Amino acid sequence: AKAAAHMASGLLHLARVHDVLVLLSAHTPPKHLHADGLHIPEAALKFWTATDFARLSPALITSSAHSLNAVMTAERRGVDAVLLSPVFPTRSHEGAVSLGLLRFAAITRHARNAGLPVIALGGITPARTRRTICAGASGIAGIGLFTPDGHSRMHPHPEHRQ
């Protein structure tokens, strides 16, 4: 935790210069928030309460979600937005069952009715971006989407693995 706090404080200065928020991914509530906001993994939402959010006072709270049930849980917990994934098959989670565009759209419609923005994640490519936004995504997130060769650096193409 101490190392993460030190790294976050360095990032915060750079982020503020560029008007960017830094979110801390946390499974359990920290004593102090050394970031602008929080990202809470879906399975960890059960460890958080409204009291934690009030005490830490984050500017933004996001959560991951992989189903309608998870989106509903995030909405009840008071998060500001969910990252719903994987929309399409993705190399960063090979073998994971993807939602597909129709199921993604249905879940997003429910979330939007509850006032919860949905950010699409997983298998998003430039060619799929427009369809994903048209399906109701408030935004998109990615790993491979934002790398020069269109692939995650952390998960290289199988031919490049040693």
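The values are calculated or read from the model by the stated rules, or taken from the named source; none is laboratory data. Just so it is clear, the structure is predicted and the values come from calculations on it, not from any experiment. Virtual Cβ from ideal backbone geometry, glycine too; neighbours counted across all protein chains shown. Heads up: the accessible areas ignore ligands, DNA and RNA and are worked out on the full protein's heavy atoms, side chains in. Shrake-Rupley method; radii C 1.70, N 1.55, O 1.52, S 1.80 Å.
Residue pairs whose Cβ atoms lie under 8 Å apart, sitting 6 or more positions apart in sequence or on different chains, and linking a residue in the stretch 90-102 that is within 16 Å of S67 (Cα to Cα) and open to solvent by less than 80 Å² (accessible area, probe 1.4 Å) to a partner that is among the charged types (D, E, K, R) and outside any loop (DSSP other than H, G, I, E, B), are L101/R131. For the stretch 104-147, taking the residues that are hydroxyl-bearing (S, T, Y) and within 15 Å of the chain's Cα centre (by Cα), the one that is surrounded by the most Cβ atoms within 10 Å (Cβ to Cβ) is identified as T108. Among the numbered criteria (1) at pLDDT 85 or above; (2) outside any loop (DSSP other than H, G, I, E, B), which single criterion is violated by S98? Tallying (1) at pLDDT 85 or above; (2) outside any loop (DSSP other than H, G, I, E, B), S98 fails exactly one: (2). In summary, helices (runs of 4 or more DSSP H) completely within the stretch 1-88 and bearing 1 or more residues that are at pLDDT 95 or above occur at 50-56, 68-77. Is there a residue in the stretch 52-75 that is among the charged types (D, E, K, R), free of Cβ contacts under 8 Å to residues at least 12 places away in the same chain and over 26 Å from L12 (Cα atoms)? No, every residue in the stretch 52-75 fails to be among the charged types (D, E, K, R), free of Cβ contacts under 8 Å to residues at least 12 places away in the same chain and over 26 Å from L12 (Cα atoms). Considering the stretch 44-69, the residues that are open to solvent by 10 Å² or more (accessible area, probe 1.4 Å) and among the small types (G, A, S) include one that is nearest to H32 (Cα to Cα), namely S57.
The rows are residues; the columns are (1) out of contact with any Leu (no Cβ under 8 Å at 6 or more places or on another chain); (2) farther than 21 Å from F104 by Cα.
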residue	(1), (2)
K2	yes, yes
L12	yes, yes
L21	no, yes
H27	yes, yes
L38	no, yes
T49	yes, yes
S64	no, no
L84	no, no
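For the stretch 12-30, a residue qualifies if it is open to solvent by 80 Å² or more (accessible area, probe 1.4 Å) and touching a residue at least 24 places away in the same chain (Cβ under 8 Å), and exactly one does: L21. One residue stands out among those in the stretch 31-43 that are of a type in the set (A, V, I, L, M) and touching a strand residue (DSSP E or B) at 6+ places or on another chain (Cβ under 8 Å): the one that is surrounded by the fewest Cβ atoms within 10 Å (Cβ to Cβ), which is L33.
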